[in-house]
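*Asks:* Mind having a look at this structure? Questions to follow.
The values are calculated or read from the model by the stated rules, or taken from the named source; none is laboratory data. Note that the coordinates shown come from a computational prediction; the quantities given were computed from them, not determined experimentally. Cβ coordinates were reconstructed from backbone atoms using ideal geometry, including for glycine residues, and neighbour counts include every protein chain displayed. Surface areas here come from the heavy atoms of the whole protein model, side chains and all, with no ligands, DNA or RNA. Shrake-Rupley method; radii C 1.70, N 1.55, O 1.52, S 1.80 Å.
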Amino acid sequence: MASVVLSEAEKVYIVHGIQEDLRVDGRGCEDYRCIEVETDVVSNTSGSARVKLGHTDILVGVKAEMGTPKLENPNEGYLEFFVDCSANATPEFEGRGGEELATEIVNTLYRIFSNESTIDVKSLCINPREHCWVLYVDVLLLECGGNLFDAISIAVKAALFNTRIPKVRVLDDEEGSKEIELSDDPYDCIRLNVENVPCIITLSKIGCRHVVDATLQEEACSLASLLLSVTSRGTLTCMKKLGNGSLDPESIFEMMETGKRVGKMLHTSLQKILDKEESLGTTRQKVGFLG
């Protein structure tokens, strides 16, 4: 992960400010930086989104392709995740430098989406045991400015909200086998219900307090972080500790309550933006991920 080198004086300045609920950029401990969300930015995908959170820049594309259901779940489709840490994001990702981080992010996403209530994967099944929709979710890290997991989860949810899957019909031919017919109408499609898709809230313990949406400088001052997966109803579905430091039980409970509270507000704001962008339709001015 991208890192910065701070002097002891800079660390003391950051830590002491957080104890007074005043961060270097003027935010409080539970405040996010400005989040920019844009959907439908990549033309050759079923759905896409770009999220900018401070200096963190994430691009997500979702591609729906027909595949075969897994043997253990013959009546369901499924999601596949892939993360690419671009060398443009930070020099540390050059060569195979970003592989470990990419694997950690992919495993976290699989863990979050393993919950049955997250996405209705049964709606992705076309013909049990034979055909289903497979959603390939590709995450590209364009720039790293702290709080990667939160930005990625927001981008994934926005891209899934934007995903359109063609409607298909299963027909029986004269020989008794089944044929699949795709609709020619681009507006005749299936939309995913992302209401239960959680967002990740990362809380970093700095000094005696914890903060959300830590910058790179604040992450350098934190020895331990708690990664929480929170639904729009404020339900925790997953929890993971990051860093080499320790967290006492009282701090963990406080961070969980903060995560639930902040998570609900984040979901509300994100859904409002997505609905507003959707209502603009074709009149929306697209910036694009190169804009």
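*Asks:* So, residue 268, is that one open to solvent by less than 70 Å² (accessible area, probe 1.4 Å), modelled with pLDDT of 90 or more and within 25 Å of residue 50 (Cβ to Cβ) or not?
*Replies:* Considered against the rule, which asks whether it is open to solvent by less than 70 Å² (accessible area, probe 1.4 Å), modelled with pLDDT of 90 or more and within 25 Å of residue 50 (Cβ to Cβ), residue 268 comes out as no.
*Asks:* Just checking, how many residues over the stretch 71-82 are closer than 22 Å to residue 38 by Cα and open to solvent by 80 Å² or more (accessible area, probe 1.4 Å)?
*Replies:* Result for the stretch 71-82: 1.
*Asks:* Right, another one. Take the residues of the stretch 12-30 that are closer than 26 Å to residue 142 by Cα and out of contact with any helix residue (DSSP H, G or I) (no Cβ under 9 Å at 6 or more places or on another chain): which is surrounded by the fewest Cβ atoms within 10 Å (Cβ to Cβ)?
*Replies:* Selected residue: 26.
*Asks:* Looking at 157, 167, can you tell me which residue is modelled with pLDDT of 75 or more, surrounded by 16 or more Cβ atoms within 10 Å (Cβ to Cβ) and among the basic types (Lys, Arg)? Reasoning before the result, please.
*Replies:* Numbers: 167 fails: surrounded by 16 or more Cβ atoms within 10 Å (Cβ to Cβ).
Criteria check complete, one pass: 157.
*Asks:* I'm checking my understanding of the structure. Among residues of the stretch 31-70 that are among the small types (Gly, Ala, Ser) and not in a loop (DSSP other than H, G, I, E, B), which one is surrounded by the fewest Cβ atoms within 10 Å (Cβ to Cβ)?
*Replies:* By that ranking, first place goes to 67.
*Asks:* Can I ask one more? Tell me yes or no: at least one residue of the stretch 7-16 is more than 23 Å from residue 228 (Cα to Cα), without any contact (Cβ under 8 Å) to a residue 12 or more places away in the chain, of a type in the set (Asp, Glu) and not in a loop (DSSP other than H, G, I, E, B).
*Replies:* yes
*Asks:* I want to confirm something. Restricting to the stretch 84-141 and keeping residues that are among the aromatic types (Phe, Trp, Tyr) and within 17 Å of the chain's Cα centre (by Cα), which single residue is least open to solvent (accessible area, probe 1.4 Å)? Give the derivation first.
*Replies:* Start the filter on the stretch 84-141 by keeping residues that are among the aromatic types (Phe, Trp, Tyr), which leaves 93, 110, 113, 133, 136.
Now restrict to residues that are within 17 Å of the chain's Cα centre (by Cα): 110, 113, 136.
Details: 110: 84, 113: 35, 136: 86 Å².
Checked the stretch 84-141; the qualifying residue least open to solvent (accessible area, probe 1.4 Å) is 113.
*Asks:* Please enumerate the residues belonging to the stretch 32-51 that are aliphatic (A, V, I, L, M) and under 26 Å from residue 261 (Cα atoms).
*Replies:* Result: 35, 37, 49, 51.
*Asks:* If you take the residues of the stretch 35-60 that are more than 13 Å from residue 150 (Cα to Cα) and of a type in the set (Gly, Ala, Ser), which of them is nearest to the chain's Cα centre (by Cα)?
*Replies:* The extreme case among them is 49.
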